[in-house]
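Taken together, the values in this text are just the output of simple stated rules run on the coordinates, not laboratory data. Quantities reported herein were computed from a predicted structural model and do not represent experimental measurements. Note that we place each Cβ from the backbone using ideal geometry, even for glycine, and neighbour counts take in every protein chain shown.
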Amino acid sequence: MYELLQKFHSGWAYLALLLLVITVLNSIIGRSSKKEFVARDRKIALFGLIATHLQLIFGLVLYFVSPNGFGSLGQMADKNLRLTSLEHPLINIIAITLITVGWIKHKKATTNDAKFKSVALFYGLGLVLILSRIPWNLWL
């Protein structure tokens, strides 16, 4: 079960990252071209939000069933173990919180520019944080 969940978590990450990149680029393009924030833009941002939240759920389940997860926090001298058991989950929770804040702020914004700005800024920050803590040596 652990192996299947780990492969699913890794595979879903490609989709989540792709949707985040598309969302950020769509918002940057929309803001720079002074477009109206339409239902299509909202759906793109929503799909990015849903994909990252599902990735968080898969990751948390994986974290608590992993032999390198919660029970191994005492072994912080090992760089790879520290990345997978502390840095990756913590930074990604922060990143997904930022993405959620971006979604909430865009819903409260009244102008098209503010909506695009909120999504581009917060989703972009979340994307950068997620990319910074991917265990690339285990993933690729």
**Q.** Gain on full stretching of the segment that runs from ARG42 to LYS105 - 0.36 nm per residue minus C-alpha separation
**A.** 21.4 nm
Q) Any idea which of LEU18, TRP136, SER85 is furthest toward the positive side of the dipole for the chain, if Lys and Arg beta-carbons carry +1 and Asp and Glu beta-carbons -1? A) LEU18
Q) Could you give the nm distance between label points at ILE29 and ARG82, where each point is 7 Å from its Cα heading toward the beta carbon? A) 4.1
(Q) Nearest 10 degrees is fine. How inclined is helix 2-32 to the longest principal axis of the chain, computing both from alpha carbons? (A) 20
Q: Would you mind estimating how fast the chain diffuses translationally, via Stokes-Einstein at 10 °C and 1.306 mPa s with the Kirkwood radius over Cα pairs, in µm²/s?
A: 101
